[in-house]
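First the structure, in the form of structure tokens, and then the observations on it.
The values are calculated or read from the model by the stated rules, or taken from the named source; none is laboratory data. Predicted, not measured: the structure shown is a model, and the values here were computed from it. So basically every Cβ, Gly included, is an ideal-geometry build from the backbone, and we count neighbours across all protein chains shown.
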Amino acid sequence: MQIQNENSKNKLIRRLKRVEGQVRGVQAMLEQERDCREIMQQLTAIHSAVQSTSRVFFRDYAAVCLAEMGGKQAEGEFISFEKRNQMVKDMIDLLDKTP
């Protein structure tokens with residue numbers, strides 16, 4: 001399943017690029033032997049940014065799954081009860097893995 005909304009996808013990409021910049025900043029801080037408290041503060045900020053990005057991604061993923069559950073498949077048949085249950089299980093499994 002893919003994120004259909006280009007705006008949502010672009011926002012996620014921008015968030016991840018920001019996280020990438022923060023990680024590179026921490027690498028530089030370590031090389032410069034900066035104060036441990038400063039480094040820990042940046043690591044905490046990275047952790048929060050990743051959690052926030054995971055929530056946004058999961059919200060968009062869940063919206064796509066729920067929309068798909070309510071719709072019809074290409075052949076015009078409704079999605080089976082088993083497939084709906086599997087989609088819900090997959091969503092819960094993904095949620096369990098998010099930081």
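Exactly one residue out of Leu12, Leu16, Leu66 is in a helix (DSSP H, G or I) and modelled with pLDDT of 95 or more: that is Leu16. Go through Ile46, Ile3 for me and flag whichever is within 17 Å of the chain's Cα centre (by Cα), at pLDDT 95 or above and among the hydrophobic types (A, V, I, L, M, F, W, C). On inspection, the qualifying residue turns out to be Ile46. Restricting attention to the stretch 12-46, the residues that are closer than 30 Å to Gln86 by Cβ and out of contact with any Asp or Glu (no Cβ under 9 Å at 6 or more places or on another chain) total 3. Checking each residue in the stretch 80-99 for being of a type in the set (A, V, I, L, M, F, W, C) and either surrounded by 10 or more Cβ atoms within 10 Å (Cβ to Cβ) or at pLDDT 75 or above (or both) picks out Met87, Val88, Met91, Ile92, Leu94, Leu95.
Find the residue count for the stretch 48-66, including only residues that are polar (S, T, N, Q) and touching a helix residue (DSSP H, G or I) at 6+ places or on another chain (Cβ under 7 Å). Residues in the stretch 48-66 being polar (S, T, N, Q) and touching a helix residue (DSSP H, G or I) at 6+ places or on another chain (Cβ under 7 Å): 1 in total.
Scanning the stretch 1-22 for residues that are surrounded by 12 or more Cβ atoms within 10 Å (Cβ to Cβ) and either at positive phi or among the hydrophobic types (A, V, I, L, M, F, W, C) (or both) returns Ile3, Leu12, Leu16, Val19. Under the condition of being surrounded by 16 or more Cβ atoms within 10 Å (Cβ to Cβ) and either within 20 Å of the chain's Cα centre (by Cα) or among the small types (Gly, Ala, Ser) (or both), the residues counted in the stretch 23-41 number 0. Sort out which residues of the stretch 1-53 are β-branched (Val, Ile, Thr) and without any contact (Cβ under 8 Å) to a residue 40 or more places away in the chain, and write them in order of number. Within the stretch 1-53, Ile13, Val19, Val23, Val26, Ile39, Thr44, Ile46 meet the criteria.
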